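Report on the following structure.
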Amino acid sequence: MESSHPGGLTATMRNFSRNRMGMVGLAMLLLAIALAVFAPVIAPYDPAKPPRATIMDIYLPPSAEHPFGTDDAGQDVLTNFLYGARVSLMVGFFASFIAVAIGGVMGLSAGFIGGRTDNILMRFTDIMLVIPDLPLAVVIVALTKPSLWVIVLVIGLLGWTSTARLIRSQTLSVKQRRFVTRARAVGAGNFYIIRRHILPLVLPLLVVNTVLVISLAILNESTLSFLGLGDPTAPSWGQMLNFAFTRGAMSAGGWWALLAPGIGIVWVVLACTLIGQGLEQVLNPRLASHNLSSTKQMILRPPRTQSQHAPQAPDQA
Amino acid sequence: MESQLFSLYILPEHLWGEKTAQAAIDFTNDTMVGSGPFKLAEYRQNQFVRLDTNQDYYGSVPKVDGAILQTYGNQDALVQALKTGEVDMITEMPNTAVAALRNDANIQLVVGAPLDPGVTDIIFNLVPPDQCPPDGKCTGHPALKDLTVRKALAHATDKQQLIDIVLLGLGTPGLTLIPDGLGVYYNNTLQDYAFDIATANKLLDDAGYKDVNGDGVRETPDGKAPLSFRLNWAGDMSSGPRIAELLSKTWGEIGIKVEMQGLDPDTLTSVCCPAFDYDIIIWGWGSDPDPAFLLSVMTTDEIPTGTSESGYSNPEYDELFAQQAVETDKEKRKELIWEMQAIALRDLPYIIPYYGQNVQAFRKDRFQGWITDSSKIALEDPSSLSLIEPVK
Amino acid sequence: MRNRRLINKVAWALFTICFVIVLNFFLFRILPGDPARAGIRDPRLTAEAQQAIRVRFGLDKPVINCFASINPPKPADCFVNPLDTQFFIYVGNLFRGEFGISYHSNQPVAQVLAERTWNTLLLIGVAQFLAIILGVALGVIAAWKLGTPVDYSALIFSLVAWSLPTFWLGIILLFWGSTNLGLPIGGMVTPGMNYASIWAQVIDVGRHMFLPTLTYTIVFLGEYMLIMRSSLIDVLSEDYVLTAKAKGLNSYQILKAHALRNAMLPMVTIIALNLGFTVAGAVQIETVFSWPGLGGAIYEAVGQRDYPMLQGAFLLLAVSVIVANLVADLLYTYLDPRVQLE
Amino acid sequence: MASPLVAVRNLRTLFPVGAHSVFRAPATFVHAVDDVTFDIDEGEALALVGESGCGKSTLALTLLGLERPTTGSIDFAGQEMTALKGSELKAARRNMQMIFQDPYESLNPLMRVGEIVAEPLIVHKLANARSDREARVRAALEAAGLKPPEVYLERYPYQLSGGQRQRVAIAAALVLEPRLLLADEPVSMLDVSIRAEIINLLAELKQTRKISILFITHDLGTVTAVADRIAVMYLGRIVELGRTADVLTQPRHPYTKALLSVTPAPNPRLRKERIILKGETPDPTRLPGGCRFAPRCPVAQPLCLASDPPLTALETGHTAACHFG
C-alpha cells in the first residue's frame, strides 16, 4: 500500500535530507553562497580600493600575497573570484526566477484552463522552443545597451519554455485528480483550487526545475560574457573569463586567471545539478532500482530530459 | 592634396575603364590585379590568403616561394600558434603575452610605431548650446564645459599607469589627436598636465566645486548637480573596460563619479554625434599619414556632420585650420599645425591617454631578414616579405 | 488517422517557419542601429554615398506599408505597392533562395552560409556520432552495473562533463593539445598544402578536427550517458523484464531482446531534437578553434553588425530546428506503436 | 403532494469529440446524458443503476452544475439550476454535496483531515470564527462515524483506511448540512466488509437528517438497504424507473433483467439463470436508429431496430422503455 508520504514540499525536503547526492550538491551550493556573502570578510583586498597596480603586478603566479595569482590588470584573482561569485549567483537566481515565474504561470494557466488557451499557449511555447536561444540572446544583447539587467532579462525571457512544458503536464495530471473535482463540487473557485490544490502538488517539481534553470542561467551568462556581450562593469565569473581570454591569459602563462572562475562555474553548475538530481530521486522513488540489479542505489535522471528539451509525447492533433 | 590622394587607388583600366557607375558599385572585385612582388593564389574568407611569389616582378624577386596569411579566431591562439611553430610570424597579439614571448629563445619581438598610427581618446561633450545641431539632444553635463573641471580630470589621469596596465608599457603618453607616429607634424615641445591628485583637487576647490552633501562626490558651485558623469566606450575595444575602470578609480580620488557603460559601436555613434547625448566617451581614431583629417575633427564646421565628437568650437582654431589647408610651404604648415595642437592641449576637448605601439613577433629559427628597424613596424608588408629567406 | 497526424504536423511546421521568417525580418528592424551605417564609421562617406549603399542593400524602400522604419518609427505612404516594400522583397528573395548580400564581405549570404554550413556539419556530425556511441555505451554499462564503482565513475564523469562551460574546456584543451600532442591550433586545413593523396588531406583535416571534436564530444557525451542510463533503468523496472527474467533469460539476453530497443526510444527523439541546440556549442567551439563554420560566422557577424548574415544564419538555424523537431516527432510515431494506435 | 426536491426534465448533456483546435469546431458528440427525466423527493433516496460509461456520473456532475447541460431543466428546491451562474450557482450548490467513488483519489494527500472537512466552510465563507468552524467540523466527523473526532483532525489521508477515508469524504459533504447528497459509487472501491457500514451510514443519514440521496451504482446488490426507488440507465437514458421492490422483483426492461440476473443474491437458493448480454455497447458517438439496447437485447424484434420506445408508465410509479415491457 501507500507507505510513503506523497508529494508535498515539506515531505520532499525531508526525504531530500536523506539523499546523499542531493546533500552533497546542497553543501557545495551553500559553500558558494557563503563565499559570496562573506566576500568582504574573506577577500584579501577591497575591489573598490585595490593596491595601486603597476606593470610588475600583471599575471603574477599564485603566492602568499595573491593566493590565486593576479590578472591582466594586476588585480588579485581571489578577490575578484569571491566578488564575482556574487554577480554570477545573482544572475543565476534572478534569471531563473524570471524564467520559472513566466514558465510557471504559462504552464499553470495552459494546464489548468485547457482548451483553446492551452492550445495557444503551448503553440507559442513550441515556437519559442525552436528558436535557437543563444544566437537570439547574442543578437538582442549585442544590439541593446549591455547591462547586467539586460542579460538577466534576456536569459530569463528565453529560458522559460522547459518550465512551462513541465508545469503544464504536472498541472494537467493534478487537475484530473478527483480531489480537484471534489473541491469544485463543493463550490470552490479557480483561484482557490489553484492555490490550495494544484500549486502544492506542482511546487516540488517547480523547485527541481528552478535549481536546474539556475545552473543553465549561470552557464548562459558565462557564454554571453565569453562572447564579449557581458557587462564589463559587473565582474562576474564569465566576465573574468572574458578578460582572461581577450587579454591573453593563456599565452602569457597566466592560466590561474582562467582556472579560478572556470572552476567556480563548474562548481556551482555541478552543485545545482546534483541538487536537482537528488530532488528528482525523491520525487520519483520508482527509480530506486530495477529488475536486473541486485543493489538498491540512487538513480540519476539526466538534467536536460526534464528541463531543456523534454521529448514531447506527441499530442493527439 | 596629399591627404586627399591617400585614399585613392590606382585601378587597372582593362577591368574598370568600361564600367558605368552602377556596374562599378555592383562589381565584386574578386580577381586581384596588381604589380607587386606577390600574386594572390588562394583566398578563403576568414580562413587564409595564400600568396605566390610573382616571378615576373620588376624589382628584386622575393626569395621565398610565397606567403600565407592565416586568420585566427582569437589572439591567444595566435600566440600559441607562434610558440608551437604553426606559424612563423604574427602581426598582432595581446600585449600581456609580451613577457612570455620575450623569454622564448626562438622568438623575436618587434615593437614600434604602427604603419597607420592609432589614437585612443577620451572625449568630452563640449557642444555649445547655440551650436547644437538640429537633430541633436545636447545633454552633456554642464560642468564639463568648464575648462577647470577638464584640467582637473587631466591632472587626475595617470597616463603611465594606463600604458602599464592596458598596454603593458608598450605605448607612449598621448597629448592631442595628432599621434607621435605622424613624425614632423607631431608637436613634441608641448608640456602635458602632470598626474597630480593634489593639483586636481585644488583646481576644483578653488573653482567652488565642493562636496556639499558629504557623499564623496563634489557638486557644482551652485550646489545643484553632482559631478557624476556618464562614461561610455565602444564595446568592440577590448581595452575599453580596463581604461574606464582605471579612470574611475583615479577620478574618484578627486570626488568625481562616473557611471560606466560599454556601448555597441552603432549605439555609441547614435548617442555621440551629432546627437551629443553623452558626457564622456572613450573611443579611438586611426590616422592618415597626413594630419589634416584628425585636425578637422575639432573644427566648428564638423559639429553638424557628426565628425566632430566633442562639439569643440573655437574660431581661432578654425582660422588656423583654414590656413593650413591652403598653405603650400611645408615648414609653415607644420608651424600652423603645431600651434593648433597647442590650442587643443590647452582647451582639452580630449584627453589622449596614449598612442599605441605595434607589437609583432617572428620565429628566429625559420626565416631571417625581416625589417625590424624601420620607423613603422609591419612585418607583413611586402617590403619585409620580399627580403626574408629561410634560416640555414 | 495517421495521415491526418502527419499532415497536421507538417502544416504546423510550415506555419512555424512562416512565423520565424516574419520574426526574423522584424527583429533586426526593431533593434536599434541603422544598417546603412553598420560597420562604417567613416565620416568621409558623403550623404550620396550613404544613399547609394542604402539603395544597394534595398534599405531605401519602406520597411512595410505605412512604415519607413520601425525603430525609430517613421511613417511612410500607406498606399505603396506592398510588393515594393523591404518585407515582401525579402520574402520574395527567400523563395528564390536568396538571403541578401553580406554587408561585410559583399558576397551573397546564401553562398557564404552554404560553405560554412558544411564545415559545421562535418564537425558536429562526427562529434555527435562519437558522443552518441560513447554515451549510449557508457549509459548501458552504468545502468547495468547500477550502484557499483563503475556506475559511480561514469556518473561523476558525465555530471562534470555536463557542467563544463564549452568554451572554457575548449581553451584548456587547445593549450594542452597544441603543447603536448603537437596538434594544430586553429582552422580546418593547413593552408597551402599540396596533398599527395586524398588520404593526406583527410589526415590533415582530421588533425585539425581532433581538438574541437574532442571538446564537443565531451560536452554532449555526459548528457547522452545520463539519458541512456535513466531510460534503461526505467525500462528495466518494467514488469515484462521481470517476466523475462522469470522465463530464465539471462541479463545479457534481456538487454538485447527487450530493454535496449525500448530504452533507445527516448534517445532517438532527444538526439534529433538536440541537433537544433548544438549550434550554441558550435558558436563557442568554432570561436576558440578558429573553425570556419556557421557558429564562427554568427560570432563574426555579430561583431561586424552584418545584418544580412545574421538574418540568414538565424533563419537557417531556426528552420533546421523545426525540421529536426518534425523528423523527431514523426520518428517517434513510427517507432512507438502506442502512438500509432491513437 | 409536496413538490419534489429535485425535478429533472429532458436533460441532455453532449460532449464534443476530438481535440480542441484553434481553427476547427468539433463535428461529433458523445451523448453522455440523453433526454433524462426524474424526480427526487425530500428525504428520498433514488438509486441510479447502470454499467460504467452509461452517463451516471455525468448526470451527477450536470446536477451539480460542473457540466453544462445542452438542453433540459433541473429544478432544485424551486430554483432552476441551469439558469444559475457565478455566486448564485455557488450558493445553490451549498445544499447539494457529492461523495466520490474513490476515497484514495478524492482527498488531497497534502491536506489534513481537519482541513479537508473544513474546506467547504472556507469556500463558502461560512462559520468564519475559528471555534465555530472547529465545532462544525467535529460535528460532521462524528455524524460520519469518525469518533472521537480529535483522533482524526490532524491526520493525513494516507494514515487512514479506505473506509475511514470515505467517512472523511462524507463528513466533508455533511459539514454544509446539504439537502441532497450525490453519492457516486461510494462503496465500489471499498473492501466488501466495509461496504455495508458506509451504506448503513447513508441510510441512517437519510432517516435522521431527512437528506435526499442520489445513489449512483453499477451494482444492484448494494441498493436495497438505502434506495426508495431505482432508476436504470443505459447509454445516457433511463430505461426503467420504479420503487425498489417493484424493480427488483418485477423488472420490465430486458436490460434490468440482465443486470439482476448477474447480481449475487443474498440467498443462494434464489439464484436464477444468468442472462449474459452479447456484443459490445454501441459507440456512443454513433447510436443505432431504433432502441439503443436492441443490438444487445436477447428479445429484440425487427420493430426495435426501427423505432425507439418511449418511457411508458406501467403501474403506479413504475415506468419502462421497451416495446414489449
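The values are calculated or read from the model by the stated rules, or taken from the named source; none is laboratory data. Predicted model, so just to flag it, every value in this text is computed and none were measured. In this analysis, Cβ positions are derived from the backbone assuming ideal geometry, glycine residues included, and neighbour counts consider all displayed protein chains. The area values use the complete protein model at the heavy-atom level, side chains included, leaving out ligands, DNA and RNA. Shrake-Rupley method; radii C 1.70, N 1.55, O 1.52, S 1.80 Å.
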_Helix-only estimate, please: 222 nm mean residue ellipticity of chain A, summing -39500 (n - 2.57) across DSSP H runs of length 4 or more and dividing by its residues, to the nearest 500._
-21000 deg cm²/dmol
*With the full set of protein chains in place, find how many percent of the accessible area of chain D is carbon and sulfur; take the probe as 1.4 Å.*
52
_At a probe of 1.4 Å, how much accessible area disappears from chains A and C on forming the pair, both sides counted, to the nearest 100 Å²?_
6400
_In whole Hz and in residue order, list the ³J(HN,Hα) couplings for the range B:208-221 that follow from phi through the Karplus curve 6.51 cos²θ - 1.76 cosθ + 1.60, θ = phi - 60°; x for Gly and Pro._
x, 7, 10, 7, 6, 8, x, 9, x, 10, 6, 10, 5, x
*Which of the pairs D:Lys147/D:Lys206; B:Lys39/B:Lys63; D:Lys85/D:Lys210; D:Lys90/D:Lys125; B:Lys19/B:Lys39 have their Cα atoms more than 18 Å apart in this structure?*
D:Lys147/D:Lys206; D:Lys85/D:Lys210; B:Lys19/B:Lys39
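In what sequence, largest accessible area first, do D:Ser52, C:Ser197 appear using a 1.4 Å probe?
D:Ser52, C:Ser197
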*Taking 0.36 nm per residue of separation and subtracting the Cα-Cα distance, what length does fully extending A:Ala48 through A:Arg123 add?*
22.1 nm
*Which percent of the accessible area of the range B:118-356 is formed by carbon and sulfur heavy atoms (probe 1.4 angstrom)?*
53
*When all protein chains stay in place, what accessible area (Å², nearest 10, 1.4 Å probe) is found for C:His258?*
60
*asked:* Suppose we take every Cα in the range A:81-184 and form the convex hull; what volume per residue is that in Å³?
replied: 120
*Please give the residues from the range B:156-190 for which the solvent-accessible area of heavy atoms, probe 1.4 Å, is smaller by at least 30 Å² with all protein chains in place than with the chain isolated.*
B:Gln161, B:Asp164, B:Ile165, B:Leu168
*By accessible area of protein heavy atoms, probe 1.4 Å, what ranking do D:Asp102, B:Asp52 get, highest first?*
B:Asp52, D:Asp102
*Over the range C:116-335, with every protein chain in place, what whole percent of the accessible area is carbon and sulfur at 1.4 Å, could you tell me?*
71
*Taking the simple approach of a point 7 Å from Cα along Cα-to-Cβ for both C:Phe15 and B:Asp236, what is their distance in nm?*
4.1
_Between helix A:199-226 and chain A: long-axis angle, C-alpha atoms, 0 to 90°, nearest 10_ = 30
*Quick one: what are the phi-derived ³J(HN,Hα) couplings along the range C:134-140, Karplus 6.51/-1.76/1.60 with θ = phi - 60°, whole Hz, x for glycine and proline?*
5, x, 5, 4, 5, x, 5
*Could you go through the range C:162-179 in sequence order and give the Karplus-derived ³J(HN,Hα) for each residue, using 6.51 cos²θ - 1.76 cosθ + 1.60 with θ = phi - 60°, rounded to whole Hz, and x for Gly and Pro?*
5, 7, 6, x, 4, 5, 5, 4, x, 4, 5, 5, 4, 6, 5, x, 6, 7
*asked:* Run the paramagnetic zone check for C:Leu331: 7 angstrom along Cα to Cβ, then residues of the range C:134-152 with backbone nitrogen under 20 Å.
replied: C:134-140
*Given H placed 1.01 Å from N in the peptide plane, which residues other than close sequence neighbours of B:Gly284 have an amide H under 5 Å from its amide H?*
B:Asp121
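What is the average number of partner chain Cβ atoms found within 10 Å of a Cβ in A:193-202?
The shielding value for this peptide is 2.
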*In whole Å, largest first, what are the principal axis extents of the Cα atoms in chain C?*
85, 59, 37
*For D:Gly43, distant residues with modelled amide H under 5 Å away*: D:Ser212
*Return the whole-Å distance between the Cα centroid of the range D:217-261 and the Cα centroid of the range A:160-180.*
40
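Can you classify chain B as rounded, prolate or oblate using the Cα gyration tensor, where a ≥ b ≥ c are the square roots of its eigenvalues, rounded means a/c under 1.5, and otherwise it's prolate if a/b beats b/c and oblate if not?
Details: a/c = 2.13, a/b = 1.59, b/c = 1.34.
Because a/c hits 1.5 or more and a/b exceeds b/c, chain B counts as prolate.
Total Å² of accessible surface buried at the A-D contact, 1.4 Å probe, nearest 100?
Chain pair A/D: roughly 2800 Å² of buried accessible area.
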*Which of B:Thr220, B:Gly17, D:Pro251, positive extreme of dipole for the protein assembly as shown (C-beta unit charges)*: D:Pro251
*Once the Cα atoms of helix B:240-252 and of chain B are each reduced to a long axis, what angle between those two axes, in degrees from 0 to 90 to the nearest 10, is obtained?*
30
*Only helical DSSP H runs with n ≥ 4 go in: add -39500 (n - 2.57) per run for chain D, normalise by residue count and round the 222 nm mean residue ellipticity to 500 deg cm²/dmol.*
-9000 deg cm²/dmol
*Dimensions of the protein assembly as shown along principal axes (Cα, Å, largest first)?*
133, 81, 73
*asked:* With the crude spin-label approximation of a point 7 Å out along Cα→Cβ, what separation in nm comes out for C:Ile7 versus D:Glu142?
replied: 6.8
*For the pair C:Phe95 and D:Asn95, how long in nm is the line joining their label points, each one 7 Å along Cα→Cβ?*
6.6
_Using Cα springs under 10 Å in a Gaussian network model of chain A, which residue among A:Ile58, A:Ile131, A:Ile194 shows the largest mean-square fluctuation?_
A:Ile131
_Those lysines that a straight Cα-Cα span of less than 25 Å connects to D:Lys257, excepting residues fewer than 8 apart in one chain_ = D:Lys56, D:Lys272, D:Lys278
_Contact order normalised by length for chain B, with contacts defined as Cα pairs under 8 Å and 6 or more residues apart; what percent is it?_
26
*Can you figure out the FRET efficiency of D:Ala129 with D:Leu66, using R₀ = 35 Å and their beta-carbon distance, to the nearest 0.05?*
0.70
*Could you pull out every residue, at least 5 positions away or on a different chain, whose amide H is within less than 5 Å of the one on A:Thr70? Hs are placed 1.01 Å off N in the peptide plane, and Pro or chain starts have none.*
A:Tyr59, A:Leu60, A:Val77
_Residues of type lysines that C:Lys74 reaches as a straight line, Cα spacing below 17 Å, ignoring anything fewer than 8 places off in the same chain_ = C:Lys61
*asked:* If packing is taken as the average number of other Cβ atoms within 10 Å across a peptide's residues, how do D:72-80, B:262-270, D:231-239, C:324-332 rank, most packed first?
replied: D:231-239, B:262-270, C:324-332, D:72-80
*Please work out the Kirkwood hydrodynamic radius for chain A, using every pair of different C-alpha atoms, and report it in angstroms with one decimal place.*
21.5
*asked:* How many Å² of accessible surface get buried when A and B come together, counting both sides, probe radius 1.4 Å, rounded to the nearest 100?
replied: 2400
*What's the extension gain from C:Ile30 to C:Ile198 if we count 0.36 nm per residue and subtract their Cα-Cα distance?*
55.6 nm
_Per-residue average of Cβ from other chains inside 10 Å of D:157-169_ = 1
*asked:* Compute the angle between helix B:315-326 and the longest alpha-carbon principal axis of chain B, please, reported from 0 to 90 degrees and rounded to the nearest 10.
replied: 20
*Once a ≥ b ≥ c are taken as the square roots of the eigenvalues of the Cα gyration tensor of the range B:220-268, is the result rounded (a/c under 1.5), prolate (a/b larger than b/c) or oblate (a/b not larger than b/c)?*
oblate
*asked:* Using a Förster radius of 60 Å, what is the FRET efficiency between A:Met13 and B:Leu190 based on their Cβ-Cβ separation? Nearest 0.05, please.
replied: 0.25
*Pop the C-beta distance of B:His14 and C:Phe88 into the FRET formula with R0 = 35 Å and round what comes out to the nearest 0.05.*
0.30
*Heavy-atom accessible area per residue - the protein assembly as shown, 1.4 Å, Å²*: 43
*Among A:Thr223, B:Gln323, D:Leu61, whose Cα lies farthest out toward the positive end of the dipole of the protein assembly as shown, if unit charges sit on the beta carbon of Lys, Arg (+1) and Asp, Glu (-1)?*
D:Leu61
*Of C:Val140, B:Val297, which has the most accessible area and how do the rest follow, probe 1.4 Å?*
C:Val140, B:Val297
*Accessible area drop of at least 50 Å² (1.4 Å probe, protein heavy atoms): which residues of the range C:163-186 qualify, relative to the chain alone?*
C:Ser163, C:Pro165, C:Phe167, C:Trp168, C:Ile171, C:Phe175, C:Ile185
*Using the Cα atoms of the range C:71-217 to build a convex hull, what is its mean projected area in square nanometres?*
16.2
